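Below is one structure, written out as structure tokens; comments come after it.
Since every read-out is calculated from the coordinates, none of them should be taken as a lab result. These figures come from a predicted structure and were not determined experimentally. Here the Cβ positions follow ideal geometry from the backbone for every residue, glycine too, while neighbour counts run over all protein chains shown.
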Amino acid sequence: MQEVGGTPNARFWVEDSGTAIHIRLASGTPADHLIEATTHNQVFVPSQKGLAYIRIKGIRFQHAGNAYPFPQYGLVSTNGGNHWIIEDNIFEWANGVGLDMANNGGNYLVPQAGVSQIIRRNTIRYCGVEGVAGMSSVNTLMEDNLIEWCGWADAERGAEAAGVKFHRAHNLMFRRNVVRHMRHATGIWLDSSHVNCRVTSNIFADILSYSTAVKMEMNVAQNQVDNNIIWDVRNAEPGTPGQYGCAGSGVFIDATDHLIVAQNLIGRCDNSGIFTIIRPDRRGSGTAIGNNVSNNIFVRCGKSAIVYLNPSNQADGNLYVSMPADFQSLYTGDSKQYMDLAAWREHGWDKNSTVCDAQIDFDSNTLQLTIASSKPFPIVSAVNSIDSDFFGKQAGKMRAPGPLADPGSARNLNLDPRRNA
């Protein structure tokens, strides 16, 4: 997949009108190459909009020449349906989007479009731009899926590339998914006006992006990112800062307020573990206040652990491992200041946080976590009643930082979160 994503003859687009295909070849003319083509914009889509109570199970869907979103026409589409169950399927080789749901594809006037959907135990891979696209969904459960090798079309600057991207979701539960090997795509992107959405007990690993692994954009209501593994996030455009300077960061708080980022393991990021900006150019955007980054483990982040813009945020109970000397960052106006933990604490943050001498590593292929520490991890107070860990094990009101209830026992542990994987 790295070869597919990095070679010119893998780049092609089908115009939405269906009348032209644009191909960028390494050399010569189309007559000099073997080219596979399809006339299918979509492989599975109901002819009637808004159908309810449909179950798709155990089917392999392949090869759609769908266009770059927008519009978000998936290889498979619910066509504005509601109360669907989509489980145990394989979606692969979509030129644009693998699966679209809710208000995508012109379904804005369909009653109950995207209400009460379940997407579980699917494999979604080799999608050129997006694995899953959801627009204005309500009460969505997405769990136990494998999403990998998406973004190979290298169209990330069109601002739609992600393993999973939702707009304006209410009550989304995204849990126990493995999202890895993204190429020119974010892992998950929750874009604009999300309410009561939780991203928990997932793996986001081996992400090559001009953005981040987890992106929260223009959300002012409370949402939560907890108990995840976020590992090996790299800048897809070395030598440039990428999207608003965030490239190669773990979690991007993009003009977002009241986000809880807690009990995660965030490590081996080119840039920052948590990167924050504001967007005065966008109406309805947040002002980067009320965010709480607590009880996380940060490991080997290249520039900083946390980037904040003002004092109206919280940070505490974090554990810092193998970080630079000045690993916290405060942006005020046009100035950027990197500082050590002592100086950071003068702003009221991380009073109960610790710098630890430990070795922590994670393998995105085998999903093996390795931990070695000469001392036990500290115990901190749980935030927002997050009293269970990555595996759903009870961790209690007092627990160690990071996603595991008992990290001292995890010397070499398989962290595949999917049930019945």
Exercise. Would you mind estimating how fast region 134-283 diffuses translationally, via Stokes-Einstein at 4 °C and 1.567 mPa s with the Kirkwood radius over Cα pairs, in µm²/s?
Key: 88
Practice problem: Please identify which residues in region 196-238 have an amide N closer than 17 Å to a label point set 7 Å out from the Cα of residue 282, following the Cα→Cβ vector. | Solution: 196-197, 210-224
Quiz item: What is the sum of charges around residue 256, taking Lys and Arg as +1, Asp and Glu as -1, for the other residues whose C-beta is under 13 Å from the C-beta of residue 256?
Solution: -1
Quiz prompt | Loop trypsin sites (Lys or Arg not before Pro), region 341-421 (other Cβ atoms within 10 Å of the site Cβ: 15 or fewer; DSSP) | solution = 351, 393, 397, 411, 419
Quiz item: Among 216, 101, 173, which one shows the biggest mean-square fluctuation in a GNM of the chain, springs joining Cα atoms closer than 10 Å?
Solution: 173
Exercise. Enumerate the calculated ³J(HN,Hα) couplings along region 330-346 in order (Karplus 6.51 cos²θ - 1.76 cosθ + 1.60, θ = phi - 60°), each rounded to whole Hz, writing x wherever the residue is Gly or Pro.
Key: 10, 9, 10, x, 9, 9, 10, 10, 9, 8, 7, 5, 5, 5, 4, 5, 5
Quiz prompt | Volume of the Cα convex hull of the chain, divided per residue and given in Å³ | solution = 141
Quiz item: Between 251, 199, 110, which gets the highest mean-square fluctuation from a Gaussian network model of the chain, Cα cutoff 10 Å?
Solution: 110
Quiz item: Among the DSSP beta bridges whose two residues both lie in the chain, what percent are antiparallel, rounded to the nearest 5?
Solution: 15
Quiz item: Among the chymotrypsin sites (Phe, Trp or Tyr not before Pro) within region 92-172, which fall in a DSSP loop and have no more than 12 other Cβ atoms within 10 Å of their own Cβ?
Solution: 108
Quiz item: Which log10 I(q)/I(0) values, to two decimals, does region 147-212 give at q = 0.13 Å⁻¹ under the Debye formula with one point per Cα?
Solution: -0.33
Exercise. Could you work out which residue, out of 357, 226, 281, moves most in a Gaussian network model of the chain, that is, has the largest mean-square fluctuation with Cα springs under 10 Å?
Key: 281
